[in-house]
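In what follows, a single structure is set out as structure tokens and then discussed.
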Amino acid sequence: MATISIPSSTTMFPMPQQVLRQNREVVMAEEIGRARMLTLNRPNHLNYLSGKVALTLGHNFEKYENDDNADFVIIKGTGRTFSAGGDLHMFYEGRNTRDSCLEGVYRMYWLCYHIHTYKKPHIALVHGMSVGGGASLMAPMKFSVVTEKAFSSTPETNIGFHPDCGFSYILPRLPGRLGEYLGLTGEKLRGKEVVAAGLATHFVPSQKLFQLEKRLLNIKSGDEDTIRSVINEFSSNIHIDERSILNKLSIINECFSKDSVEEIIESFEAESSRKGNDWIMPVLKSLKKASPTALKITLRSIREGRTQTISECLRKEFRISMNIQRTIISGDFYEGIRAQIIDKDKSPKWNPSTLDKVHDDQLDLIFKPFEDHDLELQIPVKEEEYRWKGKYENSSYSHPNQLNIQKAFRSMSSRESVLV
């Protein structure tokens, strides 16, 4: 780790190429007074989150939480993007190898739990894209600052996936049925909308962001009121445009509270024919183009998340993600990446192709807990339990032979009990 005495201005502007060549770390870690700064450093790749990024972030967050000289943590992105989320090329390239991306997924979800339950103030400075898993480094933070250039979305259903990284916990806790709307449609929230929706805490104009960063780095303690006071000095009041989707909550609540995806679409279609609701048609078109399987998985996951803890949501999401990648009931995830990212023909061939062909018993296979508890995401069920344990390198996935021995032992014990 480099110990740097002055802040970087890379939050808003791309780094010069000579600097990029010198700083090849996927995450730059800086110690500045009582602050600790983590900078996502893959600007040429939209600051995608890989297993290495998750590992590095997890290592540093753990270190800072246990460091008496570290009072708070700031995270930001190099260049014009905060983070575009998971590296979809990585998933596609590994599609023919079972669990090729398991380690990265495990590390990311494990990190998400510790961010949600972090013991010190953490601050996200978000300028530009904060999408999918990238938004999981923004929304749970004690303080999350966005600019007018920031936008956030959970567009996973468009690639045959589901809102993950804790978003089955976050989305159902937004106002009304906004979470179902955002999760199913993938619609973007921009700037002040992100704050008004509850996915960020402050709006700061981009021209003030660097000065805010400098002021934060001069704070001498991790007192939350002090941090909040400094951010408030630079923040602006929130006034939402009358055309904002956040002013359509009565319609969203009516339509997206229905019991099934089919009923939601039917209700939304009925609303689209009414005067003044022309905004619905492009959203409806996008909704109908999404993966039917992903839509049903997403709605069920969000609905379950309404009454689940963050631990329960992340464990569930880990099962869903691994079963999707294993194509348990559909290969839509890889087809979605192909259509959107690889070939870019924007014409995915979903299988099943329609909602009526996606049945509950199929979904049960996706949500079903793993037969062996050791294969679940190893995070505390209760917050007061062990902390910073359950790392991937200590899991059964990292030690498959140990898991096979445990299975054999349990099988042997079972047979012996029958003989007795």
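The values are calculated or read from the model by the stated rules, or taken from the named source; none is laboratory data. Since this is a predicted model, take the numbers as computed values, not measurements. With ideal geometry, Cβ positions are generated from the backbone for all residues, glycine too; neighbour counts draw on all protein chains shown. These area figures cover heavy atoms from the full protein model, side chains too; ligands, DNA and RNA do not enter into them. Shrake-Rupley method; radii C 1.70, N 1.55, O 1.52, S 1.80 Å.
Miscellaneous remarks
- Test: residue in segment 239-255 that is closer than 30 Å to residue 185 by Cβ, among the acidic types (Asp, Glu) and modelled with pLDDT under 95: yes
- The set of residues in segment 261-288 being in a loop (DSSP other than H, G, I, E, B), surrounded by 13 or more Cβ atoms within 10 Å (Cβ to Cβ) and of a type outside the set (Phe, Trp, Tyr) consists of 277 alone.
- Test: residue 302 is under 19 Å from residue 353 (Cα atoms) and assigned to a helix (DSSP H, G or I): no
- Subset of segment 289-299 (residues that are more than 11 Å from residue 183 (Cβ to Cβ) and either open to solvent by 40 Å² or more (accessible area, probe 1.4 Å) or of a type in the set (Val, Ile, Thr) (or both)): 289, 293
- Residue within segment 273-289 that is of a type outside the set (Gly, Ala, Ser), in contact with a Pro (Cβ under 9 Å, 6 or more places away or on another chain) and in contact (Cβ under 8 Å) with a residue 40 or more places away in the chain present: yes
- Hits in segment 365-399 - residues which are open to solvent by 70 Å² or more (accessible area, probe 1.4 Å) and either under 30 Å from residue 266 (Cα atoms) or in a loop (DSSP other than H, G, I, E, B) (or both): 365, 368, 369, 371, 381, 382, 383, 384, 385, 386, 389, 399
- Of the helices (runs of 4 or more DSSP H) lying entirely inside segment 170-251, the ones with 2 or more residues being free of Cβ contacts under 8 Å to residues at least 60 places away in the same chain and more than 26 Å from the chain's Cα centre (by Cα) are found at 206-217, 224-234.
A quick yes/no check of all residues on (1) assigned to a helix (DSSP H, G or I); (2) touching a Gly at 6+ places or on another chain (Cβ under 7 Å); (3) within 30 Å of residue 175 (Cα to Cα):
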site: 295; (1), (2), (3): yes, no, yes
site: 327; (1), (2), (3): no, no, no
site: 336; (1), (2), (3): yes, yes, yes
site: 362; (1), (2), (3): yes, no, no
